[in-house]
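Report on the following structure.
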Amino acid sequence: LEVLGHAMPAVSTVHAVLRRHGLISPAASQAAQPWQRFEHPAPNDLWQMDFKGYVPMHRGRCHPLTVLDDHSRYALVLQACGEETRDTVIGHLTTAFRRYGVPLRMTMDNGAPWGTDGAHYTRLDLWLMRQGIRVGHSRPFHPQTQGKDERFHRTLKVEVLQHTPLIDLAQAQRAFDGWRAIYNQQRPHEALGMGVPVDRYRPSARDYVEHPAPPEYGNRDEVRLVHEHGRIAWRGQNWKVGKAFVGERVAIRPTLEDGRYEVYWSTCRVARIDLATGQVNAGRALA
């Protein structure tokens, strides 16, 4: 346009025109947001967790499970696993929680075993929520949400996996344990001002609870048991609040809007019910 002698419109003007004609969706706007480095201010504010795909061994496959503290980059878990299942994750997280305490938040990917679509709660989410942990999942197609753990995976590959032939899970775990000690205690990190993670990490003040008590609700709450297929029976209808909560008791509370109610598991809002339309919305987006 400038070559032809026309004035260039402002970027904000172009954006406004495209949005007015429905050519820019909210999802596209969010996806276009540039990535910015962010670090939580204290240890155990956030742990990042993921599996590093699978690594071939002489006998079987190895699925490295990794958990990293966001603030310090301290590697809390580096476990050679034979499979990627919820029970495997829970077992190794239990060991980590007993040793380091419980974080305020945890974030993970949307694939198995973390959750299939990222929209609905899972049994793993519920298990973490029982410990008072706020659970988050990375945005689809945005691995930078798990940036520090992804970087940890690349370092693990370069410094261990590319140079250490793995025979079986036991030998893989010995290799992981040796490198994890070096990573946490000796290896300088540029993001830490060439310091080491162990100097910035300290265990959580929040202890792991072996047998969490069920949620308690108020006298004015309408409490219902979540039955098969994640539904509750209320006001003559069945309302779906999520399969993750089967066997749990939830509380139904009125809102300021007539005919609209919210469903809570403990302090977490898990569903909204609209009696006028007969519709229910459930999932992580309501938390």
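Read-outs: derived from the displayed coordinates by stated rules, not from any lab. Here the structure is a predicted model, which is why all the values come from computation and not from measurement.
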*Multiply the residue gap between ARG98 and ALA276 by 0.36 nm, knock off their C-alpha separation, and tell me the result in nm, one decimal place.*
59.3 nm
*Straight distance only, please: which aspartates and glutamates reach the Cα of LYS240 with their own Cα at less than 19 Å, same-chain residues fewer than 8 apart left out?*
ASP117, ASP125, ASP221, GLU222, GLU228, GLU248, GLU262, ASP274
